[in-house]
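Working notes, structure below.
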Protein chains: 2
Amino acid sequence: MVPRGRALFWQGEQQEQTIKVLRGVVRTVRLLENGNRQVLAFYWPGDIVPAHVLSRLFTAETVTPCHIVRHNLINGAYTRDGSADTDQMLEEMLSLLLMMCQKNSISRIASFLLSIRRHLPDDPKRLDCFQLLLPRADIADHVGTSLETVCRTLAEFKARKLIELPTRKTIRFLNIDGLSRIAEN
Amino acid sequence: MVPRGRALFWQGEQQEQTIKVLRGVVRTVRLLENGNRQVLAFYWPGDIVPAHVLSRLFTAETVTPCHIVRHNLINGAYTRDGSADTDQMLEEMLSLLLMMCQKNSISRIASFLLSIRRHLPDDPKRLDCFQLLLPRADIADHVGTSLETVCRTLAEFKARKLIELPTRKTIRFLNIDGLSRIAEN
DNA sequence: CGGCTTTTTGATGTATATCAAGAGCCGTGG
DNA sequence: CCACGGCTCTTGATATACATCAAAAAGCCG
């Protein structure tokens, strides 16, 4: 079990591994010259972090406490096609790029919510609710705004009855179509 | 010779080729849902457009009249490692991403100018001047602003004596360090 | 020389960053 | 069990960079 906020590898250190997430959430991050962070992607239970292709460019960190398995590429029984990892990274970067191309943050946040929806674990306490595991700052650094804007946008979605936020880390989706329309801009 | 404004391949049509630029400039472009364009990259004489990896996602078009050679991957004498093309595309997407992460367009445009500087052909008529082959709209769609902002920013660089613009399509760099400082933000 | 495209510049409105202060939540330790 | 300190989050006020609309100027080609 890896506690939250730990680095799994650092930007620049070459990895010969692949990391599978069993429980929790992992993020890949790049530290920018101007001091800002860019979150490339989040990895959910079942996802694979292709460490050997990412590690040159990104740092991986646990967003929550995590269970992970490291697969050694050299001698381990590694079944994946080598190009699959590169393809996955390409896909991640493309989807981030397309997100960044959307002009206003409201549609970026809407499409982000839709994209993570299927991954969120149920909230045992509440019906139809999910645990929104990510801090606002992480969302902001992924979609390219400030965390204040994330807050305000979520508040606005709530006001428009697109979502509910029973607690800060709990979300209920009320109107998926409405969110989709906003996401399309 | 391919005239300007022609498509070399269309987003979605699978290519089994690679395209080498001998003269002129090529751009790869993606049409976005909201009607906007995103220019992924420009290709200068000597550059290779890895058509077989890009063509699923991007369209390639000539920015100026071009001389190109198409290399067939299947039976042609193709010396490049297959993964080199994927790597190149990754690099292109990463550099675009990092560019989009810079918050203000002034630094994006500064770093863009610096990045194309070495590729620009000399202007035979003027000393120390280069032919700025790209239309403002292409620059805008690459760095993610409006073409008006590109104009104003160039005008500002001129006012600050960082560059000169003897004609619309001619540029002289007066203060590279100054531009670099702006690029770093 | 007209007519077309590209570029420039101006005026205006707006989204969002930034600064700031307060509120809610959580874990630790008394 | 409560109290305290430190986080994260929320909300407000303000400033500003930039998009957008519009019109004029410059360059280009037949």
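Remarks
- Among B:G12, B:G144, B:G24, residue whose mean-square fluctuation peaks in a GNM of chain B (springs only between Cα atoms under 10 Å): B:G12
- Long-range tail of P(r) for chain B (Cα pairs > 19 Å, %): 60
- Highest-MSF residue in chain A out of A:I109, A:I163, A:I74 [GNM, Cα springs under 10 Å]: A:I74
- Take B:E33, move 7 Å from Cα toward the beta carbon, and the resulting point lies 3.3 nm from the same point in each other copy, nearest first.
- For B:G46, inter-copy label distances in nm, listed shortest first [label point 7 Å out on the Cα-Cβ vector]: 4.8
- Sorted by Cβ density within 10 Å, fewest first, the residues B:D47, B:D122: B:D122, B:D47
- Distances between equivalent label points of A:A84 across the copies, with each point positioned 7 Å along Cα→Cβ, amount to 2.8 nm, shortest listed first.
- Contact order, relative form, for region A:56-185: 25 percent (alpha carbon pairs under 8 Å, 6 or more residues apart, mean separation divided by residue count).
- Pairs of Lys residues in region B:53-185 that lie 8 or more places apart, or on two chains, and have C-alpha atoms under 21 angstrom apart add up to 4.
- Helix B:82-101 vs. chain B, principal-axis angle (Cα, 0 to 90°, nearest 10): 30
- Simple Cβ-charge dipole of region B:102-184, Lys/Arg +1 and Asp/Glu -1, about Cα centre, in debye nearest 20: 160
- Calculated SAXS-style log₁₀ I(q)/I(0) at q = 0.16 Å⁻¹ - region A:7-99, Debye, Cα scatterers: -0.63
- Against chain A, whose longest principal axis is taken from its Cα atoms, helix A:147-159 shows a tilt of about 50°.
- C-alpha long axis of helix B:105-117 to longest principal axis of chain B, angle in °: 60
- Extreme residue, positive dipole direction of region B:1-145, given options B:T86, B:F58, B:I139 (C-beta unit charges): B:I139
- Kirkwood Rh in Å, taken over the protein assembly as shown so that all alpha-carbon pairs contribute: 22.7
- Largest-first principal axis extents of the Cα set of region B:102-184 (Å): 36, 25, 22
- Whichever aspartates and glutamates have a C-alpha closer than 12 Å to that of A:K20, once near sequence neighbours (fewer than 8 apart) are set aside: A:D47
Here, each number is a calculation from the coordinates, and none is a lab measurement. Please read these numbers as outputs of a predicted model, since none were measured by experiment. Note that we place each Cβ from the backbone using ideal geometry, even for glycine, and neighbour counts take in every protein chain shown.
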